[in-house]
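The values are calculated or read from the model by the stated rules, or taken from the named source; none is laboratory data. Quick caveat, the model's predicted, so the values are computed rather than measured. Methodologically, a virtual Cβ is constructed for each residue, glycine included, from the backbone with ideal geometry; neighbour enumeration extends over all protein chains shown.
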Amino acid sequence: MTPLPELMVAPNGATRTKADHPALPMTIAEIVACAEACARAGADGIHAHVRDSEGRHVLDAGLYAELLAELASRVPQMQVQITTEAAGRYTPSEQRALVETLRPASVSVALREITAEPDMGITRRFFAFCAEAGIAVQHILYDAGDVARFGALQAGGIIPEGRQQVLHVLGRYVTGQRAAPEDLAAPLTAQAHLPVVPDWAACAFGPAESACLLAARRAGGKVRIGFENNLFRPDGVRATDNAAQVADFLQLAALGGTAQATDRSA
């Protein structure tokens, strides 16, 4: 399995729009241009969401195929990961159908969403399909309980053997909630009890994003950064665009400094 990128940019997500930030990419052309800028800034992967004609999050195999073709042509050096995020719109069956139709090289799957059905045989067959097709699945985990469940599904054979990929999500889309570096302690403690430590990364909501991601790097993880989770620099000033977030984080990481956040964001 291809390892996770060291720095994956998540430029838009499922819920934010240009009303949140005018530089947030929504069309395929905008996402591709953003990927090019982020690659120049130092990102080696992109976590991509496509939108429909009204700007809504959509799990559309045709749109994803178009985006993947454009990215392969324009930024062939970047690893491209699509999402199966439900966003309150899609069932596990519809999420699986996207992956089975498109057969992407890499996909993110929220463990809570894909295992929502009572028949674990369906989930087992889906993960087996991904393994046989050579699809790299990154399991999205929201807390230590998710990590423990991930381990149980490995032990039960629902998730195939071998080193897996996970993303630890710090914080949520909740008013007033801000991720902090210490939030990483609980999931990493739970992860240490897994039979095989996964290839892991972290993302973080809020202006302490960079501080959280620096902590993840120090702990041996990789990072996902971008407007999906945070629109602000560590000093609380609104960021220019996704590429600036990538460049600023890599500069902080190279300097070995700390990222201090103020709370100017909303």
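Given (1) under 20 Å from VAL169 (Cβ atoms); (2) assigned to a helix (DSSP H, G or I), identify the lone condition not met by ILE46.
Going through (1) under 20 Å from VAL169 (Cβ atoms); (2) assigned to a helix (DSSP H, G or I) one by one, ILE46 breaks only (2).
If you take the residues in the range 147-204 that are touching a residue at least 12 places away in the same chain (Cβ under 8 Å) and on the phi > 0 side of the Ramachandran plot, which one is surrounded by the fewest Cβ atoms within 10 Å (Cβ to Cβ)?
GLY162
Does the range 90-99 contain any residue that is assigned to a loop (DSSP other than H, G, I, E, B) and surrounded by fewer than 21 Cβ atoms within 10 Å (Cβ to Cβ)?
Yes, that holds for at least one residue.
From the list SER73, SER53, which residue is part of a loop (DSSP other than H, G, I, E, B), farther than 14 Å from SER108 by Cα and more than 15 Å from the chain's Cα centre (by Cα)?
SER53
Evaluate the range 128-136: report whether one residue or more is surrounded by 17 or more Cβ atoms within 10 Å (Cβ to Cβ) and in contact with a Phe, Trp or Tyr (Cβ under 6 Å, 6 or more places away or on another chain).
There is no residue in the range 128-136 that is surrounded by 17 or more Cβ atoms within 10 Å (Cβ to Cβ) and in contact with a Phe, Trp or Tyr (Cβ under 6 Å, 6 or more places away or on another chain).
For the range 76-89, give me the residue count where each residue is crowded, with 17+ Cβ neighbours inside 10 Å and within 27 Å of ALA19 (Cβ to Cβ).
7
Does ALA215 meet the test of being touching a Pro at 6+ places or on another chain (Cβ under 7 Å), surrounded by 23 or more Cβ atoms within 10 Å (Cβ to Cβ), on the phi < 0 side of the Ramachandran plot and not in a strand (DSSP E or B)?
So ALA215 fits the description; yes.
ARG112 versus (1) touching a strand residue (DSSP E or B) at 6+ places or on another chain (Cβ under 9 Å); (2) within 29 Å of THR27 (Cβ to Cβ); (3) among the charged types (D, E, K, R): which is the lone unmet condition?
(2)
Kindly indicate whether ARG112 is in contact (Cβ under 8 Å) with a residue 12 or more places away in the chain, more than 20 Å from the chain's Cα centre (by Cα) and under 23 Å from VAL147 (Cβ atoms).
Answer is no for this residue.
Checking the condition touching a Phe, Trp or Tyr at 6+ places or on another chain (Cβ under 9 Å), modelled with pLDDT of 95 or more, surrounded by fewer than 21 Cβ atoms within 10 Å (Cβ to Cβ) and part of a loop (DSSP other than H, G, I, E, B), which residue from ALA23, ALA14 passes?
Going through ALA23, ALA14 in turn, the sole match is ALA23.
Can you tell me which residues in the range 127-146 are closer than 27 Å to PHE205 by Cα and over 16 Å from the mean Cα position of the chain (by Cα)?
ALA144, GLY145
What residue, among those in the range 82-109 that are of a type in the set (S, T, N, Q) and under 18 Å from the mean Cα position of the chain (by Cα), is nearest to LEU141 (Cα to Cα)?
That would be SER108.
For the range 229-244, enumerate the residues that are closer than 24 Å to VAL166 by Cα and in contact with a Phe, Trp or Tyr (Cβ under 9 Å, 6 or more places away or on another chain).
Within the range 229-244, ASN229, ASN230, ASN242 qualify.
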